[in-house]
């Protein structure tokens with residue numbers, strides 16, 4: 001396995017196993033279960049150890065992390081094999097995405113466009129990075145574009161076989177990513193536009209019935225995957241948490257209590273044609289945005305997000321060659337030689353715009369650019385029209401497009417296999433990317449295997465101190481370590497810490513870029529516990545004052561700090577210098593901890 005399991009993969013695997021073993025869908029309900037069930041199947045058939053004692057099945061519980069920690073603990077190093085085979089099981093999704101991009105572009109614009117769309121999909125660092133995982137983002141992009149292709153074919157030939165296929169694929173899209181629920185209103189609007197611009201509207205009633213059949217059959221697919229778990233429960237019986245689905249009610253203790261906003265209305269007895277945990281998952285995900293989280297953009301931390309975050313992120317995460325192709329495609333709109341029909345252009349552009357608007361409107365936090373992965377295949381299909389320049393014998397456009405695609409592919413391959421950490425040359429590549437975005441955009445726990453290689457190749461780097469974000473304990477990767485000492489933050493000193501235990505201190509350290517910038521995330525302490533290394537009173541940002549001596553991937557920086565360097569930066573931060581005695585005592589303590 002080239003990359004270690006990322007944060008969400010651990011949660012997805014344990015949740016997928018709970019679906020298969022327990023036939024329950026409470027765990028990690030904030031995402032639909034299709035991809036994780038596929039990923040968990042190989043592990044299920046090899047009988048992993050399980051520990052469900054901390055699995056809380058109440059509607060308002062979030063026991064994902066506890067159960068994931070227990071799974072890793074009881075399986076140990078064997079757990080890594082389950083992640084490997086789970087990733088293999090999901091390879092067909094990315095193959096499907098490439099095939100549909102090629103086929104749809106060919107039907108719209110011709111064979112050269114099909115080849116261009118395929119190249120853009122296969123060499124996109126976003127797709128390469130996330131399709132190699134079994135988190136649902138890239139795979140939802142593949143299923144989403146497949147469903148939309150089936151719908152487009154139905155629009156042009158609304159018959160029963162096309163209806164069945166479109167309904168099946170819409171249902172599969174809906175159990176892959178909640179974001180794809182936007183397809184329901186989009187398909188209705190698109191069909192109406194097709195009917196308004198059609199020369200023969202007589203079949204409108206019949207086709208409307210077929211569209212309703214598509215929607216109904218997709219809901220059946222959703223229920224089938226969940227095993228009809230508490231389907232058709234009246235909406236008034238749900239325990240919701242988000243402000244969208246609840247209202248405040250008076251409480252004599254002055255505490256906020258919430259109740260289902262439908263409970264005392266005429267809608268309370270309305271049966272919901274969805275599994276209970278499907279609706280509970282939407283409510284829980286909505287609650288996450290309402291509660292807000294710390295977000296990072298260009299060196300600024302904010303409790304909440306930015307409406308322009310995702311547009312900015314795409315501008316620095318997509319290859320510059322791809323962005324050039326996108327601009328060329330926009331410019332080509334002035335010429336009819338490069339266009340398909342206006343209706344076809346609408347079919348390609350509307351899902352991208354709708355998903356971008358939907359995701360950007362959720363400003364409770366701005367962290368994961370991967371939420372926009374479902375728009376990429378539609379973007380690449382639209383870009384592929386530039387290949388029509390070959391038939392039009394437009395030498396200038398052919399030359400420009402060739403340079404752009406070579407630049408895009410070359411840039412992506414230059415940083416492979418570290419595609420998750422990819423940033424384009426505008427911000428200095430992955431080396432400069434962490435000054436702009438963090439978390440799953442660059443450091444999601446994927447580089448522990450590379451850190452292990454560096455650790456084994458440098459036996460003199462002992463004792464070793466590691467601070468990496470993720471659910472995987474670095475000891476499981478074969479690294480013997482302890483946590484680095486917390487140092488002063490921008491507004492204070494570590495509370496209740498003697499100065500000789502406050503960083504900077506001499507030694508060997510590996511710090512991922514999240515902690516380098518003071519992210520309020522946890523890290524394993526090497527003894528089965530996870531600690532937060534960033535508070536108002538201290539963090540690890542002092543490492544920015546040192547030059548790294550090595551790297552693990554592009555997400556983990558390795559430092560060797562001498563006593564002189566430590567004292568130089570301590571003086572800069574207003575900390576007392578370490579004496580020789582204090583250094584020796586600390587060295588003895590480190591050896592004792594290690595033994």
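The values are calculated or read from the model by the stated rules, or taken from the named source; none is laboratory data. Quick caveat: nothing in here was measured; it's all calculated off a predicted structure. Cβ: placed from backbone, ideal geometry, glycine included. Neighbour counts: every protein chain shown.
A few notes on this one:
- Some residue of segment 395-406 being at pLDDT 95 or above, over 15 Å from residue 117 (Cβ atoms) and assigned to a loop (DSSP other than H, G, I, E, B): no
- Residue satisfying all of: in segment 181-202; in contact with a helix residue (DSSP H, G or I) (Cβ under 8 Å, 6 or more places away or on another chain), in a helix (DSSP H, G or I) and at pLDDT below 85; nearest to residue 218 (Cα to Cα) among these: 195
- Count - residues of segment 429-463 that are within 30 Å of residue 505 (Cβ to Cβ) and not in a helix (DSSP H, G or I): 17
- In the condition set (1) in a helix (DSSP H, G or I); (2) in contact with a helix residue (DSSP H, G or I) (Cβ under 8 Å, 6 or more places away or on another chain), residue 176 is compliant with all but (1).
- Criterion violated by residue 228 - all others in (1) touching a helix residue (DSSP H, G or I) at 6+ places or on another chain (Cβ under 8 Å); (2) on the phi > 0 side of the Ramachandran plot satisfied: (1)
- Any hit, segment 122-142, residues being part of a helix (DSSP H, G or I) and surrounded by fewer than 21 Cβ atoms within 10 Å (Cβ to Cβ): yes
- Taken as a whole, segment 465-479 holds no residue that is surrounded by fewer than 19 Cβ atoms within 10 Å (Cβ to Cβ), at pLDDT 95 or above and touching a helix residue (DSSP H, G or I) at 6+ places or on another chain (Cβ under 9 Å).
- Test: residue in segment 68-82 that is assigned to a helix (DSSP H, G or I), touching a helix residue (DSSP H, G or I) at 6+ places or on another chain (Cβ under 8 Å), touching a residue at least 40 places away in the same chain (Cβ under 8 Å) and surrounded by fewer than 16 Cβ atoms within 10 Å (Cβ to Cβ): yes
- Counting residues in segment 292-311 that are touching a residue at least 12 places away in the same chain (Cβ under 8 Å), surrounded by 20 or more Cβ atoms within 10 Å (Cβ to Cβ) and in a strand (DSSP E or B) gives one or more.
- Residues of segment 537-554 satisfying the condition of being touching a helix residue (DSSP H, G or I) at 6+ places or on another chain (Cβ under 7 Å), farther than 21 Å from residue 420 by Cα and not in a helix (DSSP H, G or I): 540, 546
- Residue match in segment 116-129 (condition: under 26 Å from residue 152 (Cβ atoms) and over 25 Å from the mean Cα position of the chain (by Cα)): yes
- Selection within segment 505-528: residues that are closer than 17 Å to residue 488 by Cβ and out of contact with any strand residue (DSSP E or B) (no Cβ under 6 Å at 6 or more places or on another chain). The member of this set that is surrounded by the most Cβ atoms within 10 Å (Cβ to Cβ) is 519.
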